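The structure under discussion appears below in the form of structure tokens.
The values are calculated or read from the model by the stated rules, or taken from the named source; none is laboratory data. From a predicted model like this one, the values you see are computed outputs, not experimental measurements. Because the Cβ atoms are built from the backbone with ideal geometry, glycine has one as well, and the counts that use them run over all protein chains shown.
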Amino acid sequence: MTVRRDKPPSLGNRQNMRPRSPSEALEPGRAPSRPRGGKVRGEPTRVSGFVRVLSGLFTLSLFGMGALAATGALLYHLYEKTGPLEVSRTVAIPKGEGRIEIAERLEREGVISNRWAFVASHLMQTWIGRDRKNLELKAGEYEIKKNASIREVVEIIAQGKSVLYKVSLPEGLTSQQIVERLKAEPNLTGDITEVPAEGTLLPDTYRFSKGMARQEIIDRMKAEQQRLIANLWESRQEGLPIDSVEKAVTLASIVEKETGRADERQRVAAVFVNRLRKPMRLQSDPTIIYGIVGGQGSLGRPITRADIEQKTAYNTYTINGLPPGPICNPGRPALEATLNPAKSTDLYFVADGTGGHKFSASLDEHNDAVANWRKVERDMRAKEAAADKAEAAATAAKPGEVPPGGVPSPPAEDDAPAAAEATATPSAQAATASNVPLPVRKPKR
């Protein structure tokens, strides 16, 4: 039996098997084979795509938030920035203009520097503001102060802080006269559909914004009159011979026309109340005038005997009791005096020559007061005649001559100014000397 001996590796193979370095000896000669039964996992494409989209959206939102913050900061800067107005001025915003039209107008008139900043700022305040209704831009005439910012301009226009005008409507005017005054007011607009009923308006000073309708003032006067008379009627004096609000206004209109003195209204009202209780005719001169000219208000001449005897629905010399309606629009003082007259027994009053009246409880006292008034009238007429005569003599005098009761006329070169002075002075001197007003109506009968 032979023993087989393996052939030893050749020298060349031994050289190939020998590592060239210690580190190389540690490295495997070839890659290990794949283990059996293992599965290869694919790339999670769906998950990675969603992550990329989400990352893009997050980046975009960050960019948008940054841009929005920058825009907001810019708008806030423009919103609070000092405006271009160098001096305060008034700006009118017509009715019907929208936000953009208003912004264009403000930019055109130099109130703001950028219309779009105004629009954007107002929109932002409207969206994020708590009270959006108070940010609505309103028509009107506004006073914009010097260097006003967009914020201040928006607040002024949104809050309706417009410039207010006023119209004064004195007591004692008829409704027709009030309508005429409102029509002559240039800062009001629109027509008045019809003349209100006499006595339904409350005279006063009314404030309004430019462009307000005239009819709106009329409506306000009516509402104020109704509110006032309702309050006064509840607190009226007991036992008055007046059983309705309408009659109270009618009597108050007569009191209004009879005297303009605050210290006499209650006494004048007492005279008419006492006459209604008797009963006696009121015999009020202003009712004669209203019966003739109606709402025109003025007769344009003194009352004559024929006027007193003329029968009209309003002439209290020819009718009993009150006229069918007011003869003017009485004010608050006349209404108060009528519903709370003085406690007295007076039945008569007549002018006393000092701007007031002499009140009497009996006919004899009244006749004495009338006689005194007649004397005052004659004295005033005599002084007026003397003043007119002196004025005529001074006007007709030659240069250097002395007119009767006058002073030498100036030289010829100053003749024209002197004539003008002579024409203006005597009537004023007569009024000063008499110290009484000219009579405005005949004495109370």
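Taking (1) at pLDDT below 95; (2) buried (at least 17 other Cβ atoms within 10 Å of the Cβ); (3) under 18 Å from Ala351 (Cβ atoms) in turn, Gly295 satisfies each apart from (3). Answer yes or no: is there a residue in the stretch 280-291 that is free of Cβ contacts under 8 Å to residues at least 12 places away in the same chain and assigned to a helix (DSSP H, G or I). Taking every residue of the stretch 280-291 in turn, none turns out to be free of Cβ contacts under 8 Å to residues at least 12 places away in the same chain and assigned to a helix (DSSP H, G or I).
Among what's in the stretch 315-330 and is surrounded by fewer than 22 Cβ atoms within 10 Å (Cβ to Cβ) and touching a Pro at 6+ places or on another chain (Cβ under 8 Å), pick the residue that is farthest from Ala230 (Cα to Cα). Result: Asn320. Can you tell me which residue is nearest to Leu85 (Cα to Cα) among those in the stretch 162-172 that are out of contact with any helix residue (DSSP H, G or I) (no Cβ under 8 Å at 6 or more places or on another chain) and in a loop (DSSP other than H, G, I, E, B)? Result: Val163.
Considering Ala342, Ala337, the condition of being outside any loop (DSSP other than H, G, I, E, B), under 15 Å from Glu258 (Cβ atoms), assigned by TED's automatic domain parsing to the domain that holds Val255 and not aromatic (Phe, Trp, Tyr) is satisfied by Ala337 alone. Only one of the listed residues (Ile156, Ile192, Ile218) is in a helix (DSSP H, G or I) and either touching a Lys or Arg at 6+ places or on another chain (Cβ under 7 Å) or modelled with pLDDT of 95 or more (or both). That residue is Ile218.
Could you tell me whether any residue of the stretch 249-257 is on the phi < 0 side of the Ramachandran plot, touching a residue at least 40 places away in the same chain (Cβ under 8 Å) and acidic (Asp, Glu)?
Among the residues of the stretch 249-257, at least one is on the phi < 0 side of the Ramachandran plot, touching a residue at least 40 places away in the same chain (Cβ under 8 Å) and acidic (Asp, Glu), which makes the answer yes.
Report whether or not Asp191 is more than 30 Å from Gly260 (Cα to Cα) and exposed (fewer than 15 other Cβ atoms within 10 Å of the Cβ). Criteria met by Asp191.
With respect to Val268, determine if the residue is buried (at least 23 other Cβ atoms within 10 Å of the Cβ) and hydrophobic (A, V, I, L, M, F, W, C). Let's see the steps before the verdict.
Numbers: buried (at least 23 other Cβ atoms within 10 Å of the Cβ): yes; hydrophobic (A, V, I, L, M, F, W, C): yes.
Against the criterion (buried (at least 23 other Cβ atoms within 10 Å of the Cβ) and hydrophobic (A, V, I, L, M, F, W, C)), Val268 qualifies.
Listed here are the residues, each with its yes/no results for (1) in the same structural domain as Arg207 (by TED's automatic domain parsing); (2) modelled with pLDDT of 85 or more.
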| site | (1), (2) |
| --- | --- |
| Arg105 | no, yes |
| Glu109 | no, yes |
| Gln125 | no, no |
| Gly129 | no, no |
| Asn134 | no, no |
| Tyr142 | no, yes |
| Arg151 | no, no |
| Pro170 | yes, yes |
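Every listed requirement among (1) over 14 Å from the mean Cα position of the chain (by Cα); (2) modelled with pLDDT of 95 or more; (3) of a type outside the set (Asp, Glu) is met by Leu182 save one, (1).
Which numbered condition trips up Tyr142, out of (1) buried (at least 19 other Cβ atoms within 10 Å of the Cβ); (2) over 30 Å from Val87 (Cβ atoms)? Among (1) buried (at least 19 other Cβ atoms within 10 Å of the Cβ); (2) over 30 Å from Val87 (Cβ atoms), the lone unmet condition for Tyr142 is (2).
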